[in-house]
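Worksheet: the structure to be examined is printed underneath.
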C-alpha cells in the first residue's frame, strides 16, 4: 500500500471516530432532558414562614390620631465655640399614619465647647464674652415615609418608622431672639406599641452673632493674648452683646430621645 493511500485511510478513520463521539454525546444529552408538565412548575412567589405571622402581617403601632411626648438630648456636630450639648422635650400629634405636627423646646447647655475652652487656657481668649444660644422653640412637622418591621428573633419584631422633618421657630440668645429653620431625617424604633427610641439628624439655619471680635476677648490671664504671633497685652474691656456682628449660621445636630405614644 502506498503512502498516499495510508494517509487517506487514516483521515477517514479520524472523521468516522469524531462523528461517532459527537452522536453519542448528543444522545446522552438528549436522554438527560426531562419534560416537566407546566402545571407542576412554580407559578407564584413563596413567602417565608414566620412563627408568629399575625405580628408580621398587621400594623402593630397604631399612631393615627394619637399623641406622643418625649425627652431628648442633642449634640451639635459643627459648633466650634458654644457648649455642644442640649436637652429638650417634644410633643407630637399624629394626624394620620403619614403626617404629624408638634412642638419642640430645647435648652442649650451653658459654657464653652472643648476646643474653645482649650483656646482660653492656652491663649487667654475668652469666647464666653460672646453671646451664646439659650433655648429654642420650634413647630415641627414630620412626614412618615416608611413603616416597617425588624425581625431580631423568630418570635418577635421591632417596629420602625423613617420620616423627614421640617421645623420653624425662634432661637433665643442671651440678648436677642432670631428666626430659625431646620430640616432633617429621623427614625423611631418601637420597643412596645407605645415606647420608642427616636433619632434625628437636623440641619439648623438662623442668624447669629459672630463670636470672633478683635480687641474684645482677652481676659487678662496671659501676659500676651491671642496666639498666632500676636502680642496684645493686658485685659480687653468686656464688650456689649449688641456690638458683635451677625451672619447666617448653619449647625448640624444629632439628637436622641425616648417617646411614649398615648
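Here, each number is a calculation from the coordinates, and none is a lab measurement. What you see is a predicted model, and the numbers here were worked out from it, not measured in a lab. Ideal geometry is used to build each Cβ from the backbone, glycine not excepted, and the neighbour counts take in all protein chains shown.
Structural remarks
- Summarising the label geometry, the points placed 7 Å from Cα in the beta-carbon direction at residue 203 and residue 260 lie 3.6 nm from one another.
- Among 125-131, 111-117, 95-101, 198-204, the peptide with the highest mean count of other Cβ atoms within 10 Å heads the list, and the full ranking is 125-131, 198-204, 111-117, 95-101.
- Modelled FRET efficiency - R0 35 Å, residue 151 with residue 109, Cβ distances, 0.05 increments: 0.35
- Efficiency of FRET between residue 60 and residue 89 - r from beta-carbon atoms, R0 22 angstrom, step 0.05: 0.30
- Over the stretch 60-261, relative contact order from alpha-carbon pairs under 8 Å, at least 6 apart, %: 22 percent
- With the highest mean first, a sort of the peptides 76-84, 236-244 on other beta-carbon atoms found within 10 angstrom per residue produces 76-84, 236-244.
- Using the Cβ-Cβ distance between residue 223 and residue 172 with R0 set to 41 Å, the FRET efficiency from 1/(1 + (r/R0)^6) comes to roughly 0.65.
- Cα-projected label distance for residue 185 with residue 78, points at 7 Å along beta-carbon direction, nm: 1.6 nm
- Ranked list, fewest to most other Cβ atoms within 10 Å of each Cβ, for 262, 123: 262, 123
- Fully extended contour minus Cα-Cα distance, from residue 193 to residue 235, at 0.36 nm per residue: 9.2 nm
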